[in-house]
Amino acid sequence: MEIKALPTDIVLSSSKEVLGHIKMDRSLYPGTYVDIDGKTYQILVRRHQYQLKLGRYYLHKAVVHVKQTSVPDERTLLNGAWVIGDITCTYNARSELVRCAINPSGPCSDCTHYQSIE
């Protein structure tokens, strides 16, 4: 079964300005980052809108509220998602939200628990 890309509106939270309309190809959830027109935004809220058709509700589109932010210092693009921290470390969570289990707030540089991936 093929999953269709969900139409998504990107809305700037402070001014309610619509920054763009995209087809969501991956899960955009609170805390993750999205790049639009060369600027980086952090997702604050994700909402779904449903439409009634033939007596049933269907997922129509998503609305994502964002705030403009700076890019985290230590992040790497891994399989289409931004990962925080040093991905060469064994303890890295490979997540957009959590750096690692031992030192989640970072930074990775000069971490005493660093272990290189074998």
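Say we look at the range 60-99 and pick out the residues that are charged (D, E, K, R) and closer than 27 Å to H21 by Cβ; which of these is nearest to the chain's Cα centre (by Cα)?
E96
Just for the range 42-59: of the residues that are out of contact with any Ser or Thr (no Cβ under 9 Å at 6 or more places or on another chain) and touching a residue at least 12 places away in the same chain (Cβ under 8 Å), which one is farthest from S14 (Cα to Cα)?
Selected residue: L59.
If I filter the range 65-83 for residues that are without any contact (Cβ under 8 Å) to a residue 12 or more places away in the chain and either among the β-branched types (V, I, T) or in contact with a Ser or Thr (Cβ under 8 Å, 6 or more places away or on another chain) (or both), do I get at least one hit?
yes
Which condition from (1) buried (at least 17 other Cβ atoms within 10 Å of the Cβ); (2) more than 18 Å from Y29 (Cα to Cα); (3) at pLDDT 80 or above is the one that C108 breaks?
C108 satisfies all of (1) buried (at least 17 other Cβ atoms within 10 Å of the Cβ); (2) more than 18 Å from Y29 (Cα to Cα); (3) at pLDDT 80 or above except (3).
Quickly run through the range 100-118 and pick out the residues that are under 20 Å from the mean Cα position of the chain (by Cα) and either assigned to a strand (DSSP E or B) or small (G, A, S) (or both).
C100, A101, S105, G106
The values are calculated or read from the model by the stated rules, or taken from the named source; none is laboratory data. From a predicted model like this one, the values you see are computed outputs, not experimental measurements. When we count neighbours, we look across all protein chains shown, and the Cβ atoms used for this are built from the backbone with ideal geometry, even at glycine.
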